[in-house]
Amino acid sequence: QTGSANTNPSDSADDEYITSVSIGTPAQVLPLDFDTGSSDLWVFSSETPKSSASGHVTYSPSKSSTAKKLSGSTWSIKYGDKSSSSGDVYTDVVTIGGFSVKTQAVESATKVSTQFVQDTLISGLVGLGFDIGNQVSPRPQKTWFSNAASSLAEPLFTADLRHQETGSYNFGFIDTSLAKGTIGYTPADGSEGYWGFTATGYSVGGAKLNRNSITGIADTGTTLLLLPDNIVDAYYNNVESAEYDDSQEGVVFDCSEDLPSFSFGVGGQTITISGDLLNLTPIEEGSSTCFGGLQSSSDIGTNIFGDVALKAALVVFDLGNERLGWAQK
Ligand SMILES: CC[C@H](C)[C@H](NC(=O)[C@H](C)NC(=O)[C@@H](CCSC)NC[C@@H](N)Cc1ccccc1)C(=O)O
């Protein structure tokens, strides 16, 4: 069996990617953010305070004949951007891309931080990280993919995120036609719940790859490419007008700049992110100052290959072989 779901950028800056998920009987369809950087499936629900839930699509377990309360279970999550959410837990049928998991832990939010309240485009997250990262207590729950893996044709999924166009999450099969290059594989370290891996080097503007290990995570739920300061500086030294903007908390530059590409080595392949993918968006509507897609990871302490990097590749999250595959798109 397999599954295939379309995913769409949330806005003109590709801030996040939205995928429709069906929960319950009859199906309640919610727009969710698939997140390989966390391991909990949580949703805005009938239990979310009305003031917080306004503008959001919500899940009502009481309207689902297959919903069951997981009594005594609670959850609470903090994210790297200081956002957070918490609540209690139900199990219900969850269908993604035509594939159904009958008894999936659906974490219902009784509290959500302002970032989530304000982001009315999504009704929650689908964690696609490793089960060890799940935050339900007293008994941690499995992710949707972990529950699905044993019934899928192959225990893997792929992410094909695209700039300002529809992409896909495919489960149980690899559609190699989505990529131009060969898939290079590298071991994945799931010990912290993330899809951790080590890139073998980087280069700016198509130059030869500098060989140096960059350990980080492949995180579909993070917008940016967050790397060490020395690499960020090496890149922006090629951008005349680049400067750090305190209010924006990142490097900005003239929108008219012709940005160099950025490449990294992984699994024997070189993935090149074109310059236009590295110009994320004007800092405000109509501004001629733009915000960079490559920023420093020093505040968070972990290098994150977020959507800016993932958009350049077809990425294979191969649980069966504990490895990540990358192919140039
Ligand atoms: C501050 C909390 C730290 C980062 C840590 N939390 C995590 O690592 C969580 C699971 N993952 C995350 O905070 C990050 C990875 C951080 S690497 C240290 N990924 C998920 C994030 N993009 C989800 C999201 C999506 C849309 C809007 C907001 C947030 C913890 O619980 O200790």
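The values are calculated or read from the model by the stated rules, or taken from the named source; none is laboratory data. Just so it is clear, the model here is predicted, and its values are computed rather than measured. Counting neighbours? That spans all protein chains shown, and the Cβs are built from the backbone with ideal geometry, glycine included.
Do the conditions hold for Thr58, that is, is it among the polar types (S, T, N, Q), away from the ligand (no atom under 16 Å from the Cβ) and touching a strand residue (DSSP E or B) at 6+ places or on another chain (Cβ under 6 Å)? Yes; evaluated as a whole, the condition is true for this residue. Scanning the range 39-67 for residues that are surrounded by 12 or more Cβ atoms within 10 Å (Cβ to Cβ) and among the charged types (D, E, K, R) gives Asp40, Glu47, Lys63. Taking every residue in the range 48-71 that is within 16 Å of Ser86 (Cβ to Cβ) and among the hydrophobic types (A, V, I, L, M, F, W, C) and pairing it with any residue that is modelled with pLDDT of 95 or more and in a loop (DSSP other than H, G, I, E, B), at least 6 positions away or on another chain, the pairs with Cβ-Cβ distances below 6 Å are Ala53/Phe44. Across the range 147-179, the qualifying residues are those that are under 20 Å from Thr7 (Cβ atoms) and among the small types (Gly, Ala, Ser), and the one among them that is nearest to the chain's Cα centre (by Cα) is Ala159. For a quick check of your reading of the model, give me the residue pairs whose first member lies in the range 86-103 and is touching a residue at least 60 places away in the same chain (Cβ under 8 Å) and of a type in the set (A, V, I, L, M, F, W, C), whose second is surrounded by fewer than 19 Cβ atoms within 10 Å (Cβ to Cβ) and not in a strand (DSSP E or B), with beta-carbon atoms closer than 6 Å and at least 6 apart or on different chains. Correct list of pairs: Val93/Thr66.
In the set Thr289, Thr302, only one residue is among the polar types (S, T, N, Q) and farther than 30 Å from Thr158 by Cβ; that residue is Thr289.
Just one of (1) more than 30 Å from Asn303 (Cα to Cα); (2) assigned to a strand (DSSP E or B) fails for Gly55. It is (2).
Listed here are the residues, each with its yes/no results for (1) within 16 Å of the chain's Cα centre (by Cα); (2) within 25 Å of Gly127 (Cα to Cα).
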position: Thr270; (1), (2): no, no
position: Thr281; (1), (2): no, no
position: Glu284; (1), (2): no, no
position: Gly293; (1), (2): yes, yes
position: Ser296; (1), (2): no, yes
position: Thr302; (1), (2): yes, yes
position: Asp307; (1), (2): yes, yes
position: Leu310; (1), (2): yes, yes
position: Val316; (1), (2): yes, yes
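Only one of the numbered conditions (1) over 24 Å from Ser22 (Cα atoms); (2) away from the ligand (no atom under 13 Å from the Cβ); (3) among the aromatic types (Phe, Trp, Tyr) is violated by Tyr194, and that is (2). Considering every residue within the range 157-167, establish whether at least one is away from the ligand (no atom under 16 Å from the Cβ) and farther than 17 Å from Val308 by Cα. Looking through the range 157-167, at least one residue is away from the ligand (no atom under 16 Å from the Cβ) and farther than 17 Å from Val308 by Cα.
Which strands (runs of 3 or more DSSP E) sit wholly inside the range 157-257 and have at least 2 residues that are surrounded by 15 or more Cβ atoms within 10 Å (Cβ to Cβ) and hydrophobic (A, V, I, L, M, F, W, C)?
196-204, 210-218, 225-227, 250-254
The single condition from (1) in contact with a Pro (Cβ under 8 Å, 6 or more places away or on another chain); (2) away from the ligand (no atom under 15 Å from the Cβ); (3) more than 30 Å from Leu259 (Cα to Cα) that Arg139 fails is (1). Among the residues making up the range 131-156, those that are closer than 19 Å to Ser191 by Cα and in a helix (DSSP H, G or I) are Asp131, Ile132, Gly133, Trp144, Phe145, Ser146, Asn147, Ala149.
Scanning the range 62-113 for residues that are farther than 15 Å from Leu41 by Cα and within 16 Å of the ligand (Cβ to nearest atom) gives Gly80, Asp81, Lys82, Ser83, Ser113. Which members of the range 275-293 meet the condition of being assigned to a loop (DSSP other than H, G, I, E, B) and closer than 22 Å to Pro228 by Cβ? Within the range 275-293, Gly293 is the sole residue that qualifies.
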